[in-house]
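Step one of this worksheet: look at the structure below.
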Amino acid sequence: MSDHTAEPVLELTGAGFHHRGARSAALSGVDLRIAPGQMVSVLGAQGSGTSTLCRLAAGLLEDRGRVSGTRTAAAGSGVVMLGDDPEAQQTGMTSYVRDELRLPGRLRGRESHSEPGAGTGACDHAAEAALADLGGAHLLDRRLDSLSGGERQIVALAGLLGLRPALLVLDQPGLSLDAAARTRLLHGLRQYCAEGGAVLIAGHQEDELSAACERRAFLREGQLVELPAGEASSADDGTLEEFGVWSSLPGQTQAQPMSSSPGQARDAGLGSRGSDASEVAESAGPAGSAGPAEAAGQAAPSAVDAVRPVLTVEELSVSRGGTPTLEDFRLSLAPAEIVTLEGANGSGKSTLLRALAGLLGRDADVSGRICSAELALDELPAHRRAGTLAWVGQDPSAQLSASTVRAELERSVPLPRHRRRDRAAVRAARDGVVTELLHRTGLSEAAQSHPYDLSPARQKDLVIATALLLRPQVLLLDEPTLGRDHPGMQRLTGLLRDVAAAGAAVLTTTHDLAWAEQVAQRRVRLDSTHDHSSTHRPRTTAETDPPEPKGP
Ligand SMILES: Nc1ncnc2c1ncn2[C@@H]1O[C@H](COP(=O)(O)OP(=O)(O)OP(=O)(O)O)[C@@H](O)[C@H]1O
């Protein structure tokens, strides 16, 4: 239990921050006192100041602008922070998980908080124990560059938990974690608070972690509003939406009307089903889900069977580094279909999308057939598949290279062959397309920004926009929901429905089951034979879920 009378681990009084060169303050008048044992969440829309608050709490802002007010933090084992960029969680100074886990303790030369005098060995032990508690014991001897996004996040969290700081500041810690990992993390954080630690969780999405905090606050335009103690557990959908926060908790409705033609989506929903029951790995949604997927699933099969798939995948097997990741995977996608790809961390979702796009490295062994309506894609190199399959990977920054957002889009649309005298008209047409896409992806105001100055979620918007410029038949999206607030999620949903309404299929990975329920016509799940207590590498297979029983 938290001790409210104890010396606080963090106290901000009238605190604010003004980024150098910015027109207005990112934070102002923030009062926040966190005592040992407390778990506090601060949620807000993208741009509301949540990441800045995390950095302020962790004392990482001093050289970036003007800090105002006062900040008092626990001395000694202090405040440590995990940032919100899933791709920047590793130090880049080690190659193996075991070394990476030990590094935070080594860098600080710090003794274990819980066992003063025990030396860095205690930190190592605590980090390895934290990794096991988070379900990652089997990762200990793995190379860092072979980890999935969620596995990287687990390793980063375990390394910091091993330090046993007085306050752990976590910016969107649930990002890229599956539901089981989020539950294990919650358990670990509670245990850590019970032992005298404290946690500040920030983000744009309500999940199991933020919902479990005993104190809950929201940021709006840099101002902090804390819910009264009695209301902390009852922040409802209305409150969250008011502050622009998305809820990824299962059972939340947040339904929006379909913007695409329901008839089109309905036909598409079943179009890929083959006569062989094992041909398609799909599920109509978990028991109890009642999203558009099931509605579509009740369309007359005869009408739908006539639709030609835009993508057919047969007997796809992938091993990476000699270990099977996917085995005999089958899937077909119909035009205008939105399909979510779900599964535990490390179950092979990103591997599947990369295999479809032809983007796996030389360490991967890929076999099986991948066909569009016209082409044997598996016989083509990645750049020739790209006209059919547009891939938006987990790390958006890896797909950005221009110096402004607008230039990034312009370079994605090569001008068609034209006569010199038509040049102005051709350029104007391209400008029009780019302006329209900037608007649809909410990036108009950022058009002249450097892509690397955008948050990861907005970088993803930009990469999605570049992918759409290719007018693909299939859009492959890896974790597009990460780090989005409520408006950002709505924009994404609308965009995907528009893509589908124009006849393309969308295959998107996600851990946000509430969103999947809302957006998907079909939900495909990869199951891992992953034993968290084992030290063996996980083996993953594509499983076919029996379709949900249909209503009368
Ligand atoms: N280069 C590699 N060499 C060996 N194994 C790899 C490599 N890349 C990924 N893996 C392993 O393959 C498995 C599947 O990884 P993948 O990234 O496809 O999972 P995922 O389902 O996308 O996970 P997450 O939800 O965490 O993003 C994991 O066990 C991962 O550790």
Filtered trypsin sites (Lys or Arg not before Pro), the stretch 405-435: DSSP coil and at most 14 other beta carbons within 10 Å: Arg411, Arg417, Arg419
In whole Å, how far is the Cα centre of the stretch 158-182 from that of the stretch 379-442? 37 Å
Would you mind putting 152-158, 326-332, 20-26 in packing order, based on average other-beta-carbon counts within 10 Å, highest first? 152-158, 326-332, 20-26
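If you count, for each residue, the other Cβ atoms within 10 Å and average over each peptide, how do 478-485, 187-194 line up from highest to lowest? The partial results should precede the final answer.
Details: 478-485: 25.1, 187-194: 16.6.
Output ranking for 478-485, 187-194: 478-485, 187-194.
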If we sort 385-391, 364-370 on the protection proxy, mean other Cβ atoms within 10 Å, highest first, what's the order? 385-391, 364-370
Dimensionless Rg over Rh [the stretch 10-247; C-alpha; Kirkwood]: 0.96
Whole-Hz ³J(HN,Hα) from phi, Karplus 6.51 cos²θ - 1.76 cosθ + 1.60, for the stretch 135-150, glycine and proline x: x, x, 4, 6, 8, 3, 9, 7, 6, 4, 6, 10, 8, 6, x, x
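Laboratory data are not the source of any read-out in this text; all were calculated from the coordinates shown. Note that the structure is a prediction, hence the values are computed from the model and not measured. Positions of Cβ are backbone-derived with ideal geometry, glycine not excepted, and every protein chain shown enters the neighbour counts.
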